[in-house]
Each structure stands twice: as C-alpha cells, then as structure tokens.
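Since every read-out is calculated from the coordinates, none of them should be taken as a lab result. Quantities reported herein were computed from a predicted structural model and do not represent experimental measurements. In this analysis, Cβ positions are derived from the backbone assuming ideal geometry, glycine residues included, and neighbour counts consider all displayed protein chains.
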Amino acid sequence: MNNTQAFINENKERFLDELMELLRVPSISADSSFSQDVQKCAEMLSENLKEIGLTNVEVFPTDGHPIVYGEKIENPSWPTVLVYGHYDVQPADPLELWDSNPFNPVIKKTELHPQGAIFARGACDDKGQMFMHVKAVEAMISSGELTCNVKFMIEGEEEVGSENLSVFVKEQKELLNADIILVSDTGMLANDVPSITTGLRGLSYVEVELTGPNRDLHSGLYGGCVANPINILCDMISKLQNEDLAVTIPGFYDRVENLSEKERSEMGQAPFSKEDYCKSIDIENVHGEKGFTTMERGSIRPSLDVNGIWGGYTGEGAKTVIPSKAYAKISMRLVPNQDPEEITNLFTQYFSSLAPEGVKVKVTPHHGGEPAVTPVDSIGYLAASEAYEKSFGKKPIPVRSGGSIPIVAMFEKELGLKTVLMGFGLDSDAIHSPNEHYGVFNFFKGIETIPYFFESFSKLSN
Ligand code: BES
Ligand code: MN
Ligand code: MN
C-alpha cells in the first residue's frame, strides 16, 4: 500500500485540477437545456477512465442521460468491487444566493474546512466524492497494488430518480456481476469523527392539486361563500401531522421497524450538539416527533414535509381573488420496512378524504425509492471500518442517514449485492443548496481511505 499512498501524495495537485475540470461542466440532469453538458461530462469522465488504464470503457446511451462504464479485471480469482456514483448535479438556483459562480469552482477556507473547500455545484454531491474512487483506483493501478477487480458505473440521472439506471441494471446483470457495491455519496459526522453510513431512508413523493370554483373569483363577491382551495389545502396539510408531530395517515407507521432500547442507546453514543445544530442553520430550537431525539427523527423515523406550495396571486401589489386552484409537492422519507408504493396509496386515500365538498383533489405520484440498510457484521462494513481506522487512526461510528439513494435497494433486489456507503461529506457542505462545497481534506482523505478498503476487502473475502 505504501506505493499507492506515495502516488496519491505526489499527484494531489493534479487530482484536484482534474476535479475542477469536471465541476466546470453544468451537468444538471433535471433541466433539458443542459443535456449537451450532461453528455459532455459523461465523455470527459470516460476519457479519464481510459487514461487511468480501465478497459471496456463505454458511454452507454439511455432514454435519458448516459451511463459511464469501465472496468479493470486483473484476476478472475480476486473479488470484484462495483463502484457506483453520479456525475449529474442538482440545478444551481437560486443563483443570486451563491457567493461565486456555481460552475466556476473556487477554493476558500471555512470554519469546518481550515484547509480549504471547493465551492461548486456537485463538489460534494457527487462529482467530488465519485471522483475520489477514480483517483484511488488510478493510484492502485499505477503502483501495481490493486487487490480487487474493479468496475465503475457512474450515472447521470441520480438527481432525477435513476429510472434509466434501473433499466440498465436489469439488462446488464452479467456485466455488473460483482461481490460488493461501493458508493461515496453520503456524509460523515465530522472530519475528526469518522462514520460509515449504514442506512438510507426511502422516499415517497407526491404532487397534489386542489380545484375549487371553475375560475378565479372576486373575493368580495364570493368571499365567505365558497371553499378557497388554498385555505383548504393549508388545512388539509396541517391535518397530516398531530400535536405530537406524528404523521396521521392511517397505517403509515404499521411496518416501521421499532429499534430496541439497546440499539437506540447505541445510536445515542454518536456525538451530537443541539446547540451547534441549531446555530449552523440559524434556528432557535429543533422541531419533530415527540419521544425521539433529533438524530432519531432524521434517521430511524419517517417524516413528512411540504417541499413547495403555490397558487393564487403572488405578483406585485394586491389582487382580490379566490383562486380556482392550489398545489403542493409533498415528500415522505421512509424507513425499513415501509413500502413507497403502499405509503403513496395510503397518503392518496387519506389526503382525499380530508377534502370538504366543494373542492376536487388530484394526487400525482412522482418517483420514489425504497430504504436500505448495511449490516455492520458484513464483510463490506468490516473492510470499510478497517480502512477508516487506518486512515483516520480512529474506529468509525455506524450511522443511519436521513437521505435517500433509491438505487441502493434496487442493487440488492436485482443484483443480490449489498452496498457499502463510504461517504466523506459533511451535513454543512450545503448539498442541493447555494454555496455547495467539499473539503479539500475530505477529498484527499477519501482517496487515501479507498485503497485501504480494497486491501481489507480482498483479505476478508478469502
Ligand atoms: N447524495 C444524495 C443522498 C444523500 C446525501 C444521502 C447525504 C445521505 C446523505 C443524493 O444525491 C440525493 O440527493 N438523493 C435524493 C433522492 C433522489 C430520488 C432525488 C434525496 O435524498 O433527496
Ligand atoms: Mn448524491
Ligand atoms: Mn443529491
């Protein structure tokens, strides 16, 4: 391993420059006006995979954005690691809230990143984290210290639901044959508190439309006499949670796995400061389901949030009107063993039942995803744990995350493979937000830790 780590040390600057190049491409998957850039990013990445010595490198077209594939099969008796990541990014707006251009990366120091952080859309989610694997594998190949076969599958549609990747995975089971899936697309507790993500929440996402009168009405002539869809929508939304902030949808918690007191107390060992948490997002206090800690609310408990709400007049000045329509987008984060489809159905039934006469309700489901867990006694987890211990000098803490990567449950279902989530981001890195950034320390620490994973995984696999 010494040669690998030496190679990393000698090439740090170039690794960073190459990442900057990728970050300059606005590969926004949600906005079709950026399709050319998404394609360009896929091609740049595939060039890089060729340069580091991978074979069978291919940009697979899909009905949406392409999937980049490449492999290094050195020895059929070695275990195979399938690295998954995404090169697409979230839209950068609102642009005016960025301190620098989201697609012109700059390095600046922050309180939590005294060695500097790269500010750009996708810096942490997920170009910076995905690229750590490319460079770690380059280092292992160059130093002749690769101990596992490796396959890369980097998609361009993670931020829009990975629909075409699902098709690809089902069609390419042989190509994707491996022993473990390795992903860096999550976070860790702090730069001096390494942790490994052992769970992801699932997702059910719906859009609701309420229709009242067949046209916008004069709010003087009709006010007080007909149901106003915005008033009604607010009322219906408020009924989705009770005073204990538990979700009221009948059956919502039926399949939720209840953790034992022992498991909960173990979870409670992870360092967490409510003061720092509140301070970092400028709120006076936390808010959530009664009977659970903030850590629990955001990981082992499901949640329901309105993501957007609109309707009526929002222009300048006043327009006295009762709108005909009101809309909202609502997400529900799910935990094992909740089923996104079932939850969407339960939501639709209950939400519709809340509407009074005089308004019509339409619920449209969007893409969802199943939750996932990585057992801490699996070879994959143990190898990751050893790797962190080597590079951080500390045993990592297992932590369940609140975020979702729906494809992880799909990998298990379709390929029969577990995923190890070696994330190096911090919650404060502002992913999906203005001024997203990724620590330079984190980028290099990831590149340094990944080869240790390969080393341990090959040993533990025998
Ligand atoms: N990388 C994130 C998910 C994530 C971030 C998990 C941090 C854990 C910690 C991923 O790119 C993402 O944003 N996922 C979406 C779901 C998707 C269906 C749009 C999410 O969680 O909202
Ligand atoms: Mn991501
Ligand atoms: Mn994301």
> In whole percent, what relative contact order does the range 144-269 give with Cα contacts below 8 Å and a gap of six or more residues?
Replying inline: 9
> Modelled label-to-label distance, residue 62 and residue 74, 7 Å Cα→beta-carbon offset: nm?
Replying inline: 3.0
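Tell me, 330, 154 in order of fewest to most beta-carbon neighbours within 10 Å?
Working: 330 21, 154 28.
Ordered by Cβ neighbours within 10 Å, fewest first: 330, 154.
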> With point charges of +1 on the Cβ of Lys and Arg and -1 on the Cβ of Asp and Glu, referenced to the Cα centre of the chain, which listed residue (152, 285, 345) lies farthest in the positive direction of the dipole?
Replying inline: 285
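With charges only on Cβ, +1 for K and R and -1 for D and E, what is the dipole size of the chain about its Cα centre, in debye, rounded to 20? Each step should come with its number before you reach the end.
Values: 39 positive and 67 negative charges, 113 e Å.
Dipole size: approximately 540 debye.
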> Label point 7 Å out from residue 364 along Cα-to-Cβ: which residues of the range 177-209 have amide N under 12 Å?
Replying inline: 206-209
>> If I model a spin label as a point 7 Å beyond the Cα along the Cα-Cβ vector, how far apart are those points for residue 50 and residue 354 in nm?
In response: 5.4
> Based solely on its DSSP helices, what 222 nm [θ] is calculated for the chain when runs of n ≥ 4 H residues each add -39,500 (n - 2.57) and the sum is averaged over all residues, nearest 500 deg cm²/dmol?
Replying inline: -10500 deg cm²/dmol
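For the range 104-161, just say rounded, prolate or oblate: build the C-alpha gyration tensor, square-root its eigenvalues into a ≥ b ≥ c, call rounded for a/c under 1.5, and beyond that prolate if a/b exceeds b/c, oblate if not. Numbers along the way, then the final one.
Details: a/c = 3.23, a/b = 1.39, b/c = 2.33.
Oblate, since a/c reaches 1.5 and b/c is not below a/b.
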>> Under the 0.36 nm per residue contour assumption, what length would be gained going from the current alpha-carbon distance of residue 172 and residue 207 to full extension?
In response: 9.3 nm
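May I ask you to sort 429, 244, 88 by Cβ crowding, counting other Cβ atoms within 10 Å and putting the fewest first?
Values: 429 24, 244 10, 88 27.
Going from least to most buried by this count: 244, 429, 88.
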> Say the cut-off is 25 Å between C-alpha atoms; which of 239/360; 50/108; 109/279; 127/459 go over it?
Replying inline: 50/108; 127/459
> Can you give the charge dipole size of the range 300-426 about its Cα centre, rounded to the nearest 20 debye, using +1 on the beta carbon of Lys and Arg and -1 on the beta carbon of Asp and Glu?
Replying inline: 360
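With an 8 Å Cα cut-off and a minimum separation of 6 or more residues, compute the relative contact order for the chain in percent. Show your work: numbers first, answer last.
Values: 936 pairs, mean separation 116.8, N = 462.
Worked out over the chain, it gives 25 percent.
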> residue 314 to residue 225: extension gain in nm, 0.36 nm per residue of separation minus the Cα-Cα distance?
Replying inline: 29.8 nm
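Rounded, prolate or oblate: which fits the range 257-361, taking a ≥ b ≥ c as square roots of the Cα gyration tensor eigenvalues, rounded meaning a/c under 1.5, else prolate when a/b beats b/c?
Working: a/c = 3.75, a/b = 1.58, b/c = 2.37.
The shape class here is oblate.
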>> Straight-line reach from residue 413: which lysines fall under 22 Å, measuring Cα to Cα and dropping same-chain residues less than 8 apart?
In response: 151, 170, 173
> In terms of the Cα gyration tensor, with a ≥ b ≥ c the square roots of its eigenvalues, is the range 321-462 rounded because a/c is under 1.5, prolate because a/b exceeds b/c, or oblate?
Replying inline: prolate
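Give the order of 41, 148, 225, 234 when sorted by the count of other beta carbons within 10 angstrom, beginning with the fewest. Could you put the intermediate results ahead of the total?
Values: 41 30, 148 24, 225 8, 234 15.
Ranking 41, 148, 225, 234 by Cβ neighbours within 10 Å, fewest first, gives 225, 234, 148, 41.
Would you mind checking the pairs 40/135; 394/445; 262/445; 72/395 and listing those with alpha carbons more than 22 angstrom apart? Walk me through the numbers before you get to the answer.
Working: 40/135 20 Å; 394/445 13 Å; 262/445 32 Å; 72/395 30 Å.
Exceeds cut-off: 262/445; 72/395.
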>> Place a point 7 Å from the Cα of residue 264 along the Cα-to-Cβ direction; which residues of the range 292-323 have their backbone N under 11 Å from it?
In response: 292-293, 296-297
